[in-house]
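What follows is a short report on a single structure.
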Amino acid sequence: MKLNQKIRKQMWSITILAFLCSTSMLAQENETQSIIESYAKDYEKDVMLTKDVIFGVKVDDTFWSVDAKAKTNTSEAVVTVRKGKPEQPTFYFVSDTQTLLKIEKKELNALTGAAKAFSSDFAPFDVDTMEGFQPNEKFLSTLFSVYFHFWTKGLPEIIPFGLDYTRFTHGAQASIFYYQPGFRSGYIAIKKGQHANEDEKSQTNPFPTLFIVIGGEGTMIINGLKSKLTAGNAILIPAGVTHEFLNPDNEEPLEAILLMFGDGA
């Protein structure tokens, strides 16, 4: 009799735990959908929503589909969100609840969440494609546009930057401003002991880079030539030229704006 009572208590505890977990997951999914819907509502007013686009958002293990209809001569823009995978093969964002909340609180922007030195690196706000999706020549333009304009609210679209908004990538701290084919821009902070582009595979680009120093000081190695780097200087790095930046011993980080441009950027 006592054994049966013990078993019943254990079963009851398991039932309660399962109920609480289910309730918590439902609340989390509702919060996630509410956040995505808030971005969808803002996207309806975005001047860069000029063509229809369908994409997915996968947060943890749950999919949402976003269907954005651009403004026409006869109708206003409409962006809808529903739970589930997109009905047609397309691209989708991959993230988790914690990262989505950081983006919502403007502690991280989506493009910074996507930053990685190599394709095999982990990124907390990555992108993937559904089976059967065939990207066309305009895919990158569409992807970069959605990455920035869907996940950035307001007009003007303000991008906070500084050390607190960075992620570690390429050997230093970085945050991304804006990407489009032929142009990349961002902020980099190199803390004491960090060495940007130390990996040989990161040391050259097939396009020019403008490195504009806005704070601190450090060392640059351009085509093997080492020299001092200080605020108030801008360095043009031609395509194919090796470049490294490091801060061996300064407590203050070396800070710079990066502009990358030209074919392949």
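Looking at this structure, is Ser145 modelled with pLDDT under 95, closer than 29 Å to Lys106 by Cβ and among the hydroxyl-bearing types (Ser, Thr, Tyr)? Explain how you work it out, then say what you get.
Values: modelled with pLDDT under 95: no; closer than 29 Å to Lys106 by Cβ: yes; among the hydroxyl-bearing types (Ser, Thr, Tyr): yes.
No; evaluated as a whole, the condition is false for this residue.
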Restrict the check to segment 146-169 and report whether at least one residue is assigned to a loop (DSSP other than H, G, I, E, B), within 22 Å of Gly262 (Cα to Cα) and of a type outside the set (Asp, Glu).
no
Taking Ala189 and the conditions (1) assigned to a strand (DSSP E or B); (2) closer than 30 Å to Lys85 by Cα; (3) of a type in the set (A, V, I, L, M, F, W, C); (4) not assigned by TED's automatic domain parsing to the domain that holds Lys102, which numbered condition does it fall short on, given that it satisfies the others?
(2)
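Counting just the residues of segment 94-114 that are touching a residue at least 40 places away in the same chain (Cβ under 8 Å) and assigned to a loop (DSSP other than H, G, I, E, B), which one comes out surrounded by the fewest Cβ atoms within 10 Å (Cβ to Cβ)? I'd like the intermediate steps shown before the answer.
Taking segment 94-114 first, the residues touching a residue at least 40 places away in the same chain (Cβ under 8 Å) are 97, 100-101, 103-104, 106-114.
Now restrict to residues that are assigned to a loop (DSSP other than H, G, I, E, B): 106-109.
Details: Lys106: 14, Glu107: 12, Leu108: 22, Asn109: 26.
Per the criteria, the residue is Glu107.
Just to be sure, is Phe177 farther than 19 Å from Ile35 by Cβ, within 12 Å of the chain's Cα centre (by Cα) and not assigned by TED's automatic domain parsing to the domain that holds Lys51?
Values: farther than 19 Å from Ile35 by Cβ: yes; within 12 Å of the chain's Cα centre (by Cα): yes; not assigned by TED's automatic domain parsing to the domain that holds Lys51: yes.
Yes, satisfied.
Could you tell me whether Ala265 is modelled with pLDDT of 95 or more and among the hydrophobic types (A, V, I, L, M, F, W, C)?
Numbers: modelled with pLDDT of 95 or more: no; among the hydrophobic types (A, V, I, L, M, F, W, C): yes.
Against the criterion (modelled with pLDDT of 95 or more and among the hydrophobic types (A, V, I, L, M, F, W, C)), Ala265 does not qualify.
The values are calculated or read from the model by the stated rules, or taken from the named source; none is laboratory data. This one's a predicted model, so the numbers in the text were calculated from it and none came from an experiment. In this analysis, Cβ positions are derived from the backbone assuming ideal geometry, glycine residues included, and neighbour counts consider all displayed protein chains.
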